[in-house]
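Enquirer: Pasting a structure here, questions to come.
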Amino acid sequence: MKMDRERVEKIISKYLGGIFFFNTIIDVNDDYCITFYGEEKSVERTFAEFLTAARELLHPLFLNRFETEMTVENLKACYREDRSLRSEFLMLNKADGQYHWYRARVIPVDDGTGHMVFFLNALPVDDVVKRNEETRSEMFNKAVIDRLLYNYILVYVIDLSNGMSRLVYSTEGDEYDVYAKAFKSHLDMMKDLKNSYVSDDFLTPFERFMDYDYIRKQLDSDKDRLVLIFRDKNGTAFEMLISKYPEYADDYPLIIFSLKELS
């Protein structure tokens, strides 16, 4: 017994709606997008309108990459090269008002019309990201034991691609621990150090170690680590060490930032 076309399309639609958060067809030539939410709801709009809607849902940390990748020029290049775009990002789910992890794929499709057509879907991956984070945390703990010296006062893990950071080591309750935990991010902590504590003689090199683009360029030029010795306004010397995370890669540029008091 053969299935009729309408039944086949309904099965495919139900499958895609159950697996993916949303599915979008983009026709660059006609400036047209249609987004399917589940089996019933769909929204038609221009590409610019689709981008505006996506920006409103994306976490601010991922907007930069989104703006770079989702341009008409970049999509045309992907189509000519038969190249897909893949990324993980945080996006707001209006159903619960929370940001969740999704894996997006933008795939060029030849529909026989000569138009540049893409199929975009977003797969929920909260559980996958959580498992990966747990694995990476275990690797980091081992890396700290194997690679870092025993007397660092602060240790952060930082993602150079989006500026996200996490304080992963400090001595609970000491002055450095209390100081670091007063800030939302590593960069906020560094800005306050520069403005309030670093000696004027060391401000220029210290500012370089606040510039994530500078750090990435240095590490991408085959360096494994960067070291800075500086003094605060009271004359206390510190060593700042930036080293590549064990899994450091172009698409996963994580670093270990460590601070040690010398005297």
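The values are calculated or read from the model by the stated rules, or taken from the named source; none is laboratory data. These numbers come from a predicted model, not from an experiment. For neighbour counting, all protein chains shown are included, and Cβ atoms are generated from backbone atoms with ideal geometry for every residue, glycine included.
Enquirer: Considering each of Ser185, Ser199 in turn, give the residue that is of a type in the set (Gly, Ala, Ser), over 19 Å from Ile255 (Cβ atoms) and surrounded by 14 or more Cβ atoms within 10 Å (Cβ to Cβ).
Expert: Ser199 is the lone residue from the list that is of a type in the set (Gly, Ala, Ser), over 19 Å from Ile255 (Cβ atoms) and surrounded by 14 or more Cβ atoms within 10 Å (Cβ to Cβ).
Enquirer: Take Phe209 and decide whether it is closer than 26 Å to Phe62 by Cβ, in contact with a strand residue (DSSP E or B) (Cβ under 6 Å, 6 or more places away or on another chain) and aromatic (Phe, Trp, Tyr).
Expert: Considered against the rule, which asks whether it is closer than 26 Å to Phe62 by Cβ, in contact with a strand residue (DSSP E or B) (Cβ under 6 Å, 6 or more places away or on another chain) and aromatic (Phe, Trp, Tyr), Phe209 comes out as yes.
Enquirer: Testing Thr236 on (1) within 17 Å of Leu160 (Cα to Cα); (2) at pLDDT 90 or above, one condition comes back false. Which one is that?
Expert: The single condition Thr236 does not satisfy is (1).
Enquirer: Within the range 69-98, can you find the residues that are outside any loop (DSSP other than H, G, I, E, B) and either surrounded by 17 or more Cβ atoms within 10 Å (Cβ to Cβ) or in contact with an Asp or Glu (Cβ under 7 Å, 6 or more places away or on another chain) (or both)?
Expert: Of everything in the range 69-98, those that are outside any loop (DSSP other than H, G, I, E, B) and either surrounded by 17 or more Cβ atoms within 10 Å (Cβ to Cβ) or in contact with an Asp or Glu (Cβ under 7 Å, 6 or more places away or on another chain) (or both) turn out to be Leu75, Cys78, Tyr79, Leu85, Phe89, Leu90, Met91.
Enquirer: Inside the range 44-92, can you point out the residues that are of a type in the set (S, T, N, Q), within 14 Å of Ala104 (Cβ to Cβ) and modelled with pLDDT under 85?
Expert: Selection gives Ser87 alone.
Enquirer: Give the residues of the range 190-244 that are of a type in the set (A, V, I, L, M, F, W, C) and more than 22 Å from Val157 (Cβ to Cβ), sorted by residue number.
Expert: Val198, Phe202, Leu203, Ile229, Ala237
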